[in-house]
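Scroll down for the structure; my scribbles are underneath it.
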Amino acid sequence: LVNCEQCRTVIDQLQKIKDDFGYRDISVTLVYTGDDQKAWKDFVRKMPYGWRYLMDAKKTSGMMQFYDLEYVPHIYLLDPYDTVIAKDISVDNLARILPYL
């Protein structure tokens with residue numbers, strides 16, 4: 001994510017969706033799958049305020065396996081109870097789904 005151009009494109013698209021659906025209670029969480037904590041912290045400082053940023057430095061949370069984060073970017077749509085509504089969807093499909101929720 002820190003050096004991933006495809007990820008940066010998706011981040012920009014997610015920000016646009018968040019802006020477009022600002023009237024909805026939408027939150028964005030970025031999960032860093034790498035090991036460079038300093039690079040991650042530097043990256044987060046440059047990112048939009050109000051997003052959640054997660055890194056499992058010790059690899060003990062199980063989120064990598066639970067959310068099948070073998071590659072990035074990987075978009076999930078969760079409900080308010082963190083139940084997966086859609087898995088590994090495109091930004092375009094996310095934008096199509098949101099008006100119906």
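The values are calculated or read from the model by the stated rules, or taken from the named source; none is laboratory data. Owing to the predicted nature of the structure, the values given are computational and were not obtained by experimental measurement. Because the Cβ atoms are built from the backbone with ideal geometry, glycine has one as well, and the counts that use them run over all protein chains shown. These accessible areas exclude ligands, DNA and RNA; they are computed on the full protein's heavy atoms, side chains included. Shrake-Rupley method; radii C 1.70, N 1.55, O 1.52, S 1.80 Å.
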What number of residues within segment 1-42 satisfy the criterion of being farther than 17 Å from LEU77 by Cβ and part of a helix (DSSP H, G or I)? 13
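Please verify whether segment 30-44 includes one or more residues that are under 11 Å from the mean Cα position of the chain (by Cα) and β-branched (Val, Ile, Thr).
The initial filter retains those residues of segment 30-44 that are under 11 Å from the mean Cα position of the chain (by Cα), namely 30-32.
Subset that is β-branched (Val, Ile, Thr): 31.
Taking every residue of segment 30-44 in turn, at least one turns out to be under 11 Å from the mean Cα position of the chain (by Cα) and β-branched (Val, Ile, Thr).
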Applying the selection to segment 43-101, what residues are assigned to a loop (DSSP other than H, G, I, E, B) and open to solvent by 80 Å² or more (accessible area, probe 1.4 Å)? LYS46, TYR49, LYS58, LYS59, THR60, GLU70, TYR71, PRO80, TYR81, ASP82, LEU101
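Looking only at segment 1-24, count how many residues are open to solvent by 80 Å² or more (accessible area, probe 1.4 Å), in contact (Cβ under 8 Å) with a residue 40 or more places away in the chain and among the charged types (D, E, K, R).
As a first pass, look at segment 1-24 and keep what is open to solvent by 80 Å² or more (accessible area, probe 1.4 Å): 3, 5-6, 8, 12, 16, 19-20, 23.
Still in the list and also in contact (Cβ under 8 Å) with a residue 40 or more places away in the chain: 6, 20.
Adding the requirement that they be among the charged types (D, E, K, R) leaves 20.
Count: 1.
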